[in-house]
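A short write-up of the structure that comes next.
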Amino acid sequence: MKSVSGPAAAPLIRFINVKKAFGEKVVYTDLNLDVFAGETLAVLGMSGSGKSVMLKLLSGLLKPDAGQVLAVGQDLVGRVALGQFGRPLR
């Protein structure tokens, strides 16, 4: 169930066709996720399944190999999320 304020409400967080790998270890091949205002999200999975990688992509600690990570409509590639835009990714 989505808690949106209208049919055109944009998600606060978006992962669009995100790909991420570490050498031969592929973590995401096509991650697509929208999180809207008022939603609660729990990320569950086995050890090594990519939970922390998702948070690091959102926080700007990691850069996706392909795709986009958006917060409040802003592309986070090359920036740090949640109020600290402007600091380059490593």
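The values are calculated or read from the model by the stated rules, or taken from the named source; none is laboratory data. All figures in this text were calculated on a predicted structure; none of them were measured in a lab. Cβ: placed from backbone, ideal geometry, glycine included. Neighbour counts: every protein chain shown.
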Enumeration of residues in segment 1-17 that are surrounded by fewer than 14 Cβ atoms within 10 Å (Cβ to Cβ) and either at pLDDT 95 or above or within 10 Å of residue 66 (Cα to Cα) (or both): 17
Qualifying residues in segment 52-70 (those that are among the small types (Gly, Ala, Ser) and modelled with pLDDT of 90 or more) - the one farthest from residue 29 (Cα to Cα): 52
Residue ID - farthest from the chain's Cα centre (by Cα), chosen from residues in segment 18-49 that are surrounded by 11 or more Cβ atoms within 10 Å (Cβ to Cβ), at pLDDT 95 or above and not hydrophobic (A, V, I, L, M, F, W, C): 29
Scan of segment 40-64 for residues that are farther than 14 Å from residue 13 by Cα and in contact (Cβ under 8 Å) with a residue 40 or more places away in the chain, ordered by number: 62, 64
